[in-house]
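The structure appears right after this line, and notes come after that.
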Amino acid sequence: MKDIQSVYVTPPMLADMPQAFAPLTERGISVIHNNGEYPMPAAQLAAWLMDGQAAIVGLDELTRDVFAVCPELTIVARNGVGLDNVDLVAATEYGVAVTVPQGANSTSVAELTFGLMISLVRGVVDNHNRVQHGQWERLHGVELAGKTLGIIGLGHIGKKVARRAGAFGLNTIAHDIAPDHDFAREHRIKLAKLEDLLANSHVVTLHVPLDSSTQNMIDAAALQHMRRGAFLINTARGGVVNHMAVATALDAGHLAGVALDVHPDEGNVSSYMLGRANVITTTHVGAYTYESLMYTTQAAVQSIIDVIDGKITRQVLNPEVLQHG
């Protein structure tokens, strides 16, 4: 293991949480914060990390080219759970350990999911905008109690959404490629095929990673399986949903509303989703609470310390790098 003297941190807002980095500074390891563009495109990140030994990154692009020009890099700790912005194969080839803070931001994302859900079915954002423009209209919505919630992806976040669903009187069904049957039985969740979930859910919420199997998972065909008048929520990754197909479903009245915290082009909202009273768009804030940022940063810092100390934990996605390092 190379001796780590410094850790580069790309999300600028983490500079406001010095206590999270105390375990590093107490060991004499310097912490270098990015005070420029974020997230960093690959070329800019490569230039910034050129001599870096360790990094805590957010949504920055860690491509093969980045690893190729950063020969001192030993560990990359994600300050979030998504991995679609990291070339894990290249990282492994170049001997760079990659870690994720398993479950550290799940509460914040689950809570936002319910915030979006209630806002969507009750038309809160549309109602607010109308009142702000002098229009006093009492728009009717629908109750969640007694409805069916379909959770696609029953991992850390999906499970926390499921636990909260019961308090709202929702019936819950879920789809997962590797379902936790014990959890499902304990919380009275019906496990279902994707098509059956879509057909029977009043609200569908997405909690899956973005990879080749989930890219455009919610496309025109999937939307046709959904019941007429259903709502769709995406706090996972933008690429999981085909926005053109969603726009068509909204125009046809097949979908009653959509809430999107994530977008295919990070930092921009698809033109298909603009100007619609029944669409809520937020700026990928699912994990952006003080608590979540603190938990994920502390987990990232601890993962770096574990690697320095020769410990291989479940946070490491490519442990073979450390086993053969």
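Sort 271-281, 93-103, 198-208 by the packing proxy (mean of other Cβ within 10 Å over each peptide's residues), most packed first.
198-208, 93-103, 271-281
Give, rounded to the nearest 20 debye, the magnitude of the charge dipole that the chain has about its Cα centre when Lys and Arg contribute +1 at Cβ and Asp and Glu contribute -1 at Cβ.
Numbers: 22 positive and 32 negative charges, 278 e Å.
Taking the Cα centre of the chain as origin, the dipole is about 1340 debye.
Can you work out ³J(HN,Hα) from phi for every residue in segment 258-271, in order, using Karplus 6.51 cos²θ - 1.76 cosθ + 1.60 and θ = phi - 60°, giving whole Hz and x for Gly and Pro?
9, 10, 10, 8, 10, 9, x, 10, 3, x, 9, 9, 4, 4
ALA47 to ARG163: extension gain in nm, 0.36 nm per residue of separation minus the Cα-Cα distance? All intermediate terms of the calculation are to be shown ahead of the outcome.
On the way: separation 116, 0.36 × 116 = 41.76 nm, distance 4.41 nm.
Residue separation times 0.36 nm, minus the Cα-Cα distance, leaves 37.3 nm.
For segment 24-116, report the accessible area per residue in Å² (1.4 Å probe, heavy atoms, rounded to an integer). Please list the in-between numbers first.
Working: 3490 Å² over 93 residues.
With the other protein chains kept in place, segment 24-116 gives 38 Å² per residue.
Does segment 70-185 classify as rounded, prolate or oblate by the C-alpha gyration tensor (a ≥ b ≥ c root eigenvalues; a/c under 1.5 gives rounded; else a/b over b/c gives prolate, otherwise oblate)? All intermediate terms of the calculation are to be shown ahead of the outcome.
Values: a/c = 3.88, a/b = 1.74, b/c = 2.23.
In terms of gyration-tensor shape, oblate.
What is the local net charge at GLN102, summed over the other residues whose Cβ is closer than 11 Å to its Cβ (Lys, Arg +1; Asp, Glu -1)?
Working: positive: ARG78, ARG314; negative: none.
Net charge in that neighbourhood comes out at +2.
Where the accessible area of the chain is counted over protein heavy atoms with a 1.4 Å probe, how much of it, in %, is carbon and sulfur?
Numbers: 7780 of 15190 Å².
Percent of accessible area from carbon and sulfur atoms in the chain: 51.
Arranged from highest to lowest average of other beta-carbon atoms within 10 Å per residue, in what order do the peptides 137-148, 258-269 appear?
Details: 137-148: 12.4, 258-269: 18.3.
Most protected by this proxy first, the peptides run 258-269, 137-148.
Need one word for segment 189-289: rounded, prolate or oblate. Basis is the Cα gyration tensor (sqrt eigenvalues a ≥ b ≥ c); a/c below 1.5 gives rounded, then a/b vs b/c decides.
Values: a/c = 1.56, a/b = 1.18, b/c = 1.33.
Cα axes put segment 189-289 in the oblate bin.
Relative to the present Cα-Cα distance, how much length would full extension add between ASP211 and SER6 at 0.36 nm per residue of separation?
Working: separation 205, 0.36 × 205 = 73.80 nm, distance 3.16 nm.
Value of the extension gain: 70.6 nm.
Can you say what percent of the DSSP beta bridges in the chain, counting only those with both residues inside, are antiparallel? Round to 5. Don't skip to the answer; put the middle values down first.
On the way: 1 of 40 bridges.
Looking only at bridges with both residues in the chain, the antiparallel portion is about 0 percent.
Just the accessible area per residue of segment 126-237, please: how many Å² with a 1.4 Å probe?
On the way: 6270 Å² over 112 residues.
Per-residue value: 56 Å².
The values are calculated or read from the model by the stated rules, or taken from the named source; none is laboratory data. Owing to the predicted nature of the structure, the values given are computational and were not obtained by experimental measurement. Here Cβ is always computed from backbone atoms with ideal geometry, including for glycine, and neighbour counts include all displayed protein chains. Ligands, DNA and RNA are excluded from the accessible area calculation, which covers all protein heavy atoms including side chains. Shrake-Rupley method; radii C 1.70, N 1.55, O 1.52, S 1.80 Å.
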